[in-house]
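A.B. asks: Sharing a structure here in structure tokens format.
What follows draws every value from the coordinates through simple rules; no lab data is involved. Not measured: the values here are computed from a predicted model. Quick reminder, even Gly has a Cβ in these numbers, built from the backbone with ideal geometry, and neighbours come from all protein chains shown.
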């Protein structure tokens, strides 16, 4: 794998995670700019490593993808906090999970999809965050 073939997906993942993390920073959430960017980059790196072994006999590259999902679930659980009857951090955990998915998309060079889903995630967090605030749930 050439250096640029590695770095372009990683940079796309980084930009996507930074944009989503910026929205979380504006809302003063625990998992913000750095967390979302690093989750996207990490997922992309793991996927790219897996793709390096794509044509080897007996290798199932989809296992890495499934382990990214499991690993991010563990990380996401760490941002969920219960305070009395209230639970906080579910949206942040879901956003971190989505950033991992974006890193995986970037690794397989689905750049248009990365851009579209990045916009969609930011829109969902802004628009529905506004409604949650107005309704009094956040």
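A.B. asks: If we scan segment 105-126, do we find a residue that is farther than 27 Å from residue 8 by Cβ and out of contact with any strand residue (DSSP E or B) (no Cβ under 6 Å at 6 or more places or on another chain)? Spell out how you get there, then give the answer.
C.D. replies: The initial filter retains those residues of segment 105-126 that are farther than 27 Å from residue 8 by Cβ, namely 126.
Adding the requirement that they be out of contact with any strand residue (DSSP E or B) (no Cβ under 6 Å at 6 or more places or on another chain) leaves 126.
Checking segment 105-126: at least one residue is farther than 27 Å from residue 8 by Cβ and out of contact with any strand residue (DSSP E or B) (no Cβ under 6 Å at 6 or more places or on another chain).
A.B. asks: When both residues are 6+ apart or on different chains and their Cβ atoms are under 6 Å apart, which pairs have a first residue that lies in segment 1-20 and is closer than 13 Å to residue 45 by Cα, and a second that is surrounded by fewer than 19 Cβ atoms within 10 Å (Cβ to Cβ)?
C.D. replies: 1/52; 12/111
A.B. asks: A further question follows. Among the residues in segment 123-130, are any out of contact with any helix residue (DSSP H, G or I) (no Cβ under 8 Å at 6 or more places or on another chain) and touching a residue at least 24 places away in the same chain (Cβ under 8 Å)?
C.D. replies: no
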